[in-house]
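Asker: So that we are looking at the same thing, I have put the structure below in structure tokens.
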Amino acid sequence: MITSGKGRLMSDINVTPFVDVMLVLLIIFMVTAPMMTSGVKVETPQTTHQRMDVDEKALVISIDASQRVFINKYQLNISEVREKLPKILDVKRTGDVYLKADKSLPYGLVMDVMAQIRDAGIEKIGMVTEQAPVHKSGRR
């Protein structure tokens, strides 16, 4: 038994193994977190604007080339967005909502989905695009 100088038992917890395990887990999560991004394959239009920082926890509504709508990974029909969106998330607490539409889709279809999102109670909708590649002459 370990005792202090006066004969009492020492009741301190050795935190060194705990810190070692936490550091190893931190390194593992730092390495694997960038690989965990997943979503729906959508070819977004390219623009010349600078890239914005998007919150990782933001809600992303995607429309793929087959005109399927996804709320993060949950698939639903285009006609169901207005009625099912408030059931899937708390509209009053939702921060950022981003609409990611394939560039081959008709403009009217994208606007219809955007109108349904607004009718569901979402006021602010961000549009997701890709930054156009820069040519060697400095022009896009």
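Here is a yes/no grid of residues against (1) outside any loop (DSSP other than H, G, I, E, B); (2) at pLDDT 75 or above:
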site	(1), (2)
G7	no, no
V19	yes, yes
L23	yes, yes
F29	yes, yes
V40	no, no
H49	no, no
S66	no, yes
E83	yes, yes
G95	no, no
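Asker: A further question on this structure: Quick check on the range 97-112: of everything there that is assigned to a loop (DSSP other than H, G, I, E, B) and not hydroxyl-bearing (S, T, Y), which residue is modelled with the lowest pLDDT?
Answerer: Only one residue fits best here, namely K103.
The values are calculated or read from the model by the stated rules, or taken from the named source; none is laboratory data. Quantities reported herein were computed from a predicted structural model and do not represent experimental measurements.
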